[in-house]
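Structure record follows, encoded as structure tokens.
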Amino acid sequence: MKILTGTQIKEADRYTIEHEPISSIDLMERASNTIAEWICNNISKASPLLFLIGKGNNGGDGLAVARILFHAGYDCSVYLPFEKEQLTSECAVNLERLPSYIERVTDIKRISNKHILIDSLLGTGVKGTLKEPLLSIIKKVNSLSNEVISIDLPSGMMSEFGNTDQTVIKADITLTLEFPKLAMLLPEAGEYCGEIITLPIGLNREYIEHTPSLYHYITLDYIQSIRLKREKFSHKGTYGHALLICGSKGMAGAATLATGAALRSGCGLVTTHIPYNERFAIQANYPSAMMSLDDEDYFSSVPKDLSKYSAIGIGCGLGQEHQTGEAFKELLAASYKQPFVIDADALNILADNYHIKQRIPENIILTPHPGELKRLVGEWHNEEEKINLVKRYAADIKSIIIVKGAHTMICLPDGNCYFNSTGNSGMAKGGSGDVLTGYITGLLARGYSSAHAAILGVYVHGLAGDKAAARWGIESMNSKDIIDFL
Ligand SMILES: NC(=O)C1=CN([C@@H]2O[C@H](COP(=O)(O)OP(=O)(O)OC[C@H]3O[C@@H](n4cnc5c(N)ncnc54)[C@H](OP(=O)(O)O)[C@@H]3O)[C@@H](O)[C@H]2O)[C@@H](O)CC1
Ligand SMILES: [K+]
């Protein structure tokens with residue numbers, strides 16, 4: 001799913017009104033019906049709803065939803081801190097349509113803690129730092145313990161960048177219209193959204209298809225469209241051979257997790273290159289994997305006959321011994337330009353070694369967490385700068401960078417960025433990255449292109465994490481549980 005900018009969304013709004021055709025007020029009504037339907041299906045009528053209304057069309061949505069839910073039997077009241085003359089025309093029409101039985105709250109200090117607050121103060125129209133009276137209202141709301149549901153965006157949040165010092169409503173749920181907005185997926189302010197629910201409101205398909213965007217949200221439909229079929233008349237040779245170069249003294253766990261994940265990818269064979277003394281964990285846990293053994297307690301010698309491997313993953317638990325760096329260099333020189341995944345210590349070796357950066361083949365996949373990313377691309381001061389640094393580095397090495405975190409971002413060398421829609425904070429634990437590296441290496445061996453392996457790998461890894469969280473709880477789940485659900 002494309003992610004359009006706030007400006008593009010306004011244009012899509014205008015285009016839809018002109019070409020469907022539909023009037024602006026009817027489009028607002030359609031959006032409001034969709035929002036109201038979601039609330040009817042998910043929020044009990046026992047909870048009183050207090051609508052916080054702004055003077056723009058986001059406020060218009062709030063007033064229309066209040067009316068629809070009132071007629072559906074909800075206990076609704078509204079708080080409107082503006083005069084009628086200040087409202088946009090659609091907002092004013094919806095104020096006129098509001099049944100007089102709906103209570104008008106005049107003092108925000110009188111909100112009871114039983115109310116669910118429906119935040120429709122500001123949507124995509126916000127510009128710059130917040131002005132009064134909204135600044136004080138949003139600060140007040142953030143000091144309360146009430147549940148908050150935001151319409152379109154948590155009020156105050158700008159759709160793309162510039163949220164570093166912005167005051168934003170802290171929502172528990174955000175019902176966003178048509179597309180998630182880029183800022184919702186970035187660490188700067190993404191935390192303010194709570195759970196993100198995307199509600200289609202029927203903006204013009206043709207306009208959306210023809211509007212260029214470098215940003216995409218990964219959906220299940222897209223994942224299903226890129227999945228490869230498994231042939232009936234096939235054998236293990238059909239599905240590729242993954243080589244993992246992982247583990248060092250005391251770090252056999254990382255290699256074991258990567259191996260287990262690669263075995264779930266659908267590839268035909270998995271070989272793990274690991275120090276001889278660390279081989280037991282893999283033998284005991286994953287008899288389906290083969291091993292290539294290193295005489296040292298760390299990666300020191302390139303596995304024999306690299307031509308038989310269709311993809312190579314290197315880095316999990318590797319350590320940063322000098323000899324490991326040398327062996328990495330030899331590996332790159334001896335490889336047959338197979339697709340690579342480079343993770344963890346191998347990324348740190350890459351960041352510190354210009355000669356290795358010069359030798360890496362094109363179209364490989366780098367999987368840094370934020371600390372490793374800084375070593376690769378340098379420091380940033382805000383999300384816009386970070387994304388630009390990542391795009392530049394990906395273009396420079398003509399490869400894919402997976403920036404791990406909430407809504408993991410996959411940046412392709414052509415500048416397209418895909419944001420993940422699966423995963424949870426229970427995955428922020430040791431070993432999750434090893435599972436991802438093993439799984440993506442397996443997908444590359446299985447025959448996926450680098451871009452598809454990265455996108456599919458990240459999505460399925462997050463989905464497995466969500467299933468592990470449902471089974472064990474977000475606190476208790478650990479990285480090995482993710483493998484069980486791949
Ligand atoms: N996309 C679609 O297809 C559809 C979109 N729809 C809905 O429309 C919403 C967008 O509506 P919108 O454009 O009227 O803007 P909105 O967010 O309500 O705010 C505008 C007001 O904010 C004010 N303001 C600005 N900055 C401020 C600041 N820093 N601090 C304080 N105030 C500030 C500004 O006032 P001003 O500064 O100009 O005095 C202006 O009056 C969108 O999010 C969605 O909910 C649906 O109805 C149907 C289909
Ligand atoms: K809002």
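The values are calculated or read from the model by the stated rules, or taken from the named source; none is laboratory data. Please read all numbers here as calculations on a predicted model, not as lab measurements. Cβ placement follows ideal geometry from the backbone for every residue including glycine, while neighbour counts extend to all protein chains displayed. Protein only, heavy atoms only, side chains kept; ligands, DNA and RNA dropped before computing areas. Shrake-Rupley method; radii C 1.70, N 1.55, O 1.52, S 1.80 Å.
Data for the structure
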| quantity | calculated |
| --- | --- |
| Amide proton proximity set for Thr167, modelled H, under 5 Å, gap of 5+ | Leu130 |
| Residues of the range 134-171 with amide N under 18 Å of a point placed 7 Å along Cα→Cβ from Ser47 | 141-155, 169-171 |
| Nitroxide proxy distance, nm - points 7 Å out along Cα→Cβ at Arg392 and Glu209 | 3.7 nm |
| Straight-distance crosslink candidates among aspartates and glutamates, where the alpha carbon sits under 15 Å from Lys249 and sequence neighbours closer than 8 are dropped | Glu278, Asp294, Asp295, Glu296, Asp297, Glu321, Asp345 |
| Whole-Å distance, taken between Cα centres, linking the range 96-130 and the range 233-273 | 55 Å |
| Inter-probe distance in nm under a simple model that places probes 7 Å from Cα toward Cβ, at Gln86 and Thr219 | 3.7 nm |
| Length released on extending from Lys139 to Glu195, taking residue separation times 0.36 nm less the Cα-Cα span | 18.1 nm |
| Cleavage-rule hits, chymotrypsin sites (Phe, Trp or Tyr not before Pro), the range 179-282, DSSP coil, Cβ neighbours within 10 Å at most 13 | Phe233 |
| Unit charges at the beta carbon, dipole of the chain: most positive-side option, His19, Leu199, Thr211 | Leu199 |
| Residue-normalised accessible area of the range 136-213, given per residue in Å² at a 1.4 Å probe | 37 Å² |
| Helix 57-71 axis, angle to the chain major axis (alpha carbon atoms, nearest 10°) | 70 degrees |
| Selection from Ile349, His273, Ser155, by position along the positive dipole direction of the chain (Cβ) | His273 |
| Between helix 6-19 and the chain: long-axis angle, C-alpha atoms, 0 to 90°, nearest 10 | 60 degrees |
| J(HN,Hα) series, the range 416-424, from Karplus relation 6.51 cos²θ - 1.76 cosθ + 1.60, nearest Hz, glycine and proline x | 5, 10, 10, 9, 7, 10, 10, x, 7 |
| Histogram of C-alpha separations across the chain, 20 Å bin width, % | 23, 46, 25, 6, 0 |
| Relative contact order of the range 222-485, pairs being alpha-carbon contacts under 8 Å that are 6 or more residues apart, as % | 21 percent |
| Cα-centred dipole magnitude for the range 18-73, charges only on beta-carbon of K, R (+1) and D, E (-1), debye, nearest 20 | 340 debye |
| Student exercise, the range 222-485 dipole from Lys, Arg, Asp, Glu Cβ charges, in Debye to nearest 20 | 960 debye |
| Within the chain: Cβ-based charge dipole about Cα centre, in debye rounded to nearest 20 (Lys, Arg +1; Asp, Glu -1) | 740 debye |
| Peptide ranges 112-121, 54-63 listed from the most packed, as the mean C-beta count within 10 angstrom indicates | 54-63, 112-121 |
| Protein accessible area in the chain, 1.4 Å probe - carbon and sulfur % | 50 percent |
| Contact order normalised by residue count of the chain, Cα under 8 Å, 6+ apart, percent | 12 percent |
| Förster radius 60 Å - calculated FRET efficiency between Asp352 and Ala72 (Cβ-Cβ, nearest 0.05) | 0.45 |
| Solvent-accessible area per residue, Å², over the range 306-447 with all protein chains present [probe radius 1.4 Å] | 36 Å² |
| Theoretical gain in end-to-end length, Ile226 to His322 [0.36 nm per residue, Cα-Cα removed] | 30.5 nm |
| Highest to lowest packing among 377-390, 151-164, scored as the average C-beta count within 10 Å | 151-164, 377-390 |
| Shape box of the range 222-485 [Cα atoms, principal axes, largest first, Å] | 45, 43, 39 |
| Cβ-based net charge around Pro368, under 13 Å, with every Lys or Arg adding one and every Asp or Glu removing one | +1 |
| Whole-number percent relative contact order across the range 6-213, with pairs defined as alpha carbons under 8 Å at least 6 apart | 20 percent |
| Rh by Kirkwood over Cα pairs, then Stokes-Einstein D for the range 3-145 at 0.890 mPa s and 25 °C, µm²/s | 155 µm²/s |
| Theoretical ellipticity at 222 nm over the chain - DSSP helices of four or more residues, -39500 (n - 2.57) apiece, nearest 500 | -12000 deg cm²/dmol |
| Peptides 362-370, 391-399, 37-45 ordered by average Cβ neighbours within 10 Å, highest first | 362-370, 391-399, 37-45 |
| Helix axis angle, 383-396 relative to the chain longest principal axis, alpha carbon, degrees | 30 degrees |
| Stretchable slack from Trp380 to Asp305, in nm (0.36 nm times residue separation minus alpha-carbon distance) | 22.8 nm |
| Between the range 35-84 and the range 370-421, the Cα center-to-center distance that results, in Å | 39 Å |
